[in-house]
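Q: What follows is a single structure, and I will ask about it in a moment.
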Amino acid sequence: MPIKQPISELPIKTADKGFYSGFSIDVTVTSKIAVGGLVLWAVAFPEQAGAVLAGFNSFILANFGTWYIYVMASFVLVCLFLALWPTAGRLKLGHHDDVPEFSNFSWFSMMFGAGIGVGMLTWAVAEPIYHFKNNPEVIQGLAEGGTQENFLNAYQWSYLHWGFSAWASYAIAGLSLGYFSYRRGLPLTIRSSLTPLFGKALSGPLGHVVDIVAVIATILGVAQTLGFGVEQFVAGMSRIGVGSWLLNAEGTASSAGIIFAILVIMGASTLSALSGVGKGIKWLSNINMGLSIFLLGFLMLFGSTWFGIQALFLGMWEYVIALPSMMFTVYSGDGTGGTADTLEGWQGAWSVFYWAWWVAFAPFVGLFLARISKGRTIREFVLGALIVPAIMCFVWFSFAGGTAIDMELNGVANGAIFAASDGDKIFAMTGLMLGDVLGWMMAVVIVILLMTYLVTSADSAVLIVNTINAGGDEGPKARPHIIFWGVALGLVVTALLLVGGLKAIQTAMVIGALPFSLVMVLMWISLIKAIYRDGKREAAGLPTTFADGVERTPANA
């Protein structure tokens, strides 16, 4: 039986004139209506919006928590399989003679900065502190919260949420998009990754739905990141003396502070997006990587160095040993309010929330990783995207969070870090370490670093959304559409923060991520099917790479 040639053309209808010239009207307009409707609904009917979102959130956590846990476990297993599979490992995301566009340093910088680098400034201190006080081992009575014996438990759970699972979801999305776009010549958009399963039907309504789901998930996933970032940005600006009006009576961001932060962040993000990936985003990524190294170096040298080293190496060991169990364990309550219910609630608030967040972030980060990874082999991509950024997260958590835990254990902090809000914890910690003057200077550095991370994430998201809306066209996008999505993203964050705070953004994100989680499962199934068939073609001496629908053999590649 002859081996069929793969699909190397996937026409996506785009407008050839007018305001939407170059864009898919079906995808772009529907996405704008959905996102705009969410903003208007949240502003016009805040109580109803809050109640409905909360109801959906409870339903999803109660009925799809197990789904999220197993889906994320599948991503890790598939990535390991692809790295070890000889047929897959040697294939390039591109043609035989393609070479990487960016150096390894710029590649890692952009990958980490646009991925979850911004989370390091909030959660590298806040999450180990949380888990140090409470985690499943504490709930089950196996360890005592807030004591030395609970130290490594805090790190294995922190590493679970920010380690291989998170980056595996990005790697799956990035691999799928890069493989079908740069080897098959298909448009750089989400629907292309499903062609082995659905074929040319993806040119029509089915493909439109897939891309719309990806756009909405991207906006809500990035909104979650910006929501945390806004809270921390306001806390930092208050620390360096911009004004008390940034905070409310509870010590969190005031309405004026939220609006101020969004105007600054999204204004800078939109300007950077207008300059494109090769200029603004690359430049900002290199800056925030440099500042990150400076801040991390400071914590490693002048923080709790020995404590951080233990957290890094012993914590990684505990994490790797416990990873199979943590990935597949589902806590199920019995409704009696006992330990089982507490464990289920903890898992829903932490693990399931994070899995939804990474899934919602995956179309954005995955497409961005594909864009910057052309010319790299699958094995190089998997190892680079899965291991290096995860280890960077572990280093951040060990030295930043470890210093905070050590200061609390030794009584130096005297509860000040525990008591600070999530976004303010890193400022509280560095302030205690350095005193007033040097602490103020470090707060300025952290605010600048936070700003570069937020701008990198936001402007990358705007460009990615426009790429999807343009049917995968990576070329220059119309300025009005870049500006629209920059404004829309800012309005989503502002509206949801003002209506219900970070909880409202979290709820909307968990809901928006659910349909895309199904798309992602189909993506890895489709990818494995495509690689297997390409292996058969290669063995038969048939071409496996195409350009604009034209076959390219190794001889003329």
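The values are calculated or read from the model by the stated rules, or taken from the named source; none is laboratory data. What you are looking at is a predicted structure, and each value in this text was computed from that prediction instead of being measured. Don't worry about glycine lacking a Cβ; one is built from the backbone with ideal geometry, like all the others, and counts go over all protein chains shown. Remember, those area values only see protein heavy atoms, side chains included, never the ligands or the DNA or RNA. Shrake-Rupley method; radii C 1.70, N 1.55, O 1.52, S 1.80 Å.
Q: Amide H of T545: which non-local residues (sequence gap of 5 or more, or other chain) have their own amide H closer than 5 Å, using H built in the peptide plane?
A: R552
Q: Per-residue HN-Hα couplings for the stretch 480-486, Karplus 6.51 cos²θ - 1.76 cosθ + 1.60 at θ = phi - 60°, whole Hz, x for Gly and Pro?
A: In residue order, the calculated couplings are x, 6, 5, 5, 4, 6, x Hz.
Q: Please list 3J(HN,Hα) in residue order for the stretch 462-467, calculated via the Karplus relation 6.51 cos²θ - 1.76 cosθ + 1.60 where θ = phi - 60°; whole Hz, with x for glycine and proline.
A: Once rounded to whole Hz, the list reads 4, 5, 5, 4, 5, 5.
Q: Roll a 1.4 angstrom probe over the protein heavy atoms and tell me the percent of accessible area of the stretch 454-535 that is carbon or sulfur.
A: 70 percent
Q: List the longest stretch of the chain that has no exposed loop site; here a site is one of the trypsin sites (Lys or Arg not before Pro) assigned by DSSP to anything other than H, G, I, E or B, with at most 15 other Cβ within 10 Å.
A: It runs 91-557.
Q: If eta is 1.567 mPa s and T is 4 °C, what Stokes-Einstein diffusion coefficient results for the stretch 31-161, Kirkwood Rh from Cα pairs, in µm²/s?
A: After rounding, the answer is 65 µm²/s.
Q: Sticking with this structure for a sec: For L247, enumerate residues with amide H under 5 Å from its amide H, sequence gap 5+ or separate chain, H modeled in the peptide plane.
A: Excluding prolines and chain starts, which carry no amide H, the hits are S254.
Q: Quick one: which residues, 5+ away or cross-chain, put their amide H under 5 Å from the amide H of G146? H built at 1.01 Å from N.
A: K133
Q: Any idea what the dipole of the stretch 178-266 comes to, in debye rounded to 20, about its Cα centre with Lys/Arg Cβ at +1 and Asp/Glu Cβ at -1?
A: Using Cβ point charges on Lys, Arg, Asp and Glu, the stretch 178-266 gives about 520 debye.
Q: At a threshold of 8 angstrom on Cα-Cα distance, excluding pairs fewer than six apart, so keeping six or more, what relative contact order does the chain reach in percent?
A: Result for the chain is 34 percent.
Q: Of D26, D211, D334, which has the most accessible area and how do the rest follow, probe 1.4 Å?
A: Listed by decreasing accessible area, they come as D334, D26, D211.
Q: Moving on to the next point. Under the rule of -39500 (n - 2.57) per DSSP H run of 4 or more residues, summed and divided by the residues of the chain, what mean residue ellipticity at 222 nm is obtained, to the nearest 500 deg cm²/dmol?
A: Only helices count here, giving -24500 deg cm²/dmol.
Q: Sticking with this structure for a sec: Can you send over the carbon and sulfur percentage of the accessible area for the stretch 68-213, probe radius 1.4 Å, protein chains only?
A: 63 percent
Q: A further question on this structure: Can you compute the modelled spin-label distance between I309 and V487, with each label point 7 Å from Cα toward Cβ, in nm?
A: 5.5 nm
Q: Skip the ligands, DNA and RNA, and give the accessible area per residue of the chain with a 1.4 Å probe, whole Å².
A: Value for the chain: 37 Å² per residue.
Q: So what's the net charge close to L432: Lys and Arg +1, Asp and Glu -1, counting the other residues with Cβ under 13 Å from its Cβ?
A: Once all neighbours under 13 Å are counted, the net charge is -2.
Q: With Cα Rg over 2.2 N^0.38 Å as the read-out, I listed (i) 1.28; (ii) 0.95; (iii) 1.15; which label goes with the value calculated from this structure?
A: (ii)
Q: Can you give me the orientation-averaged projected area of the convex hull built on the Cα atoms of the stretch 277-411, in nm²?
A: For the Cα atoms of the stretch 277-411, the hull's average projected area reads 11.6 nm².
Q: Let me ask another. Per-residue HN-Hα couplings for the stretch 379-384, Karplus 6.51 cos²θ - 1.76 cosθ + 1.60 at θ = phi - 60°, whole Hz, x for Gly and Pro?
A: Here the 3J(HN,Hα) series is 5, 4, 5, 4, 5, x Hz.
Q: Of K374/K529; K92/K536; K200/K529; K13/K536; K374/K425; K17/K92, which sit over 28 Å apart, Cα to Cα?
A: With Cα atoms farther than 28 Å apart: K13/K536; K374/K425; K17/K92.
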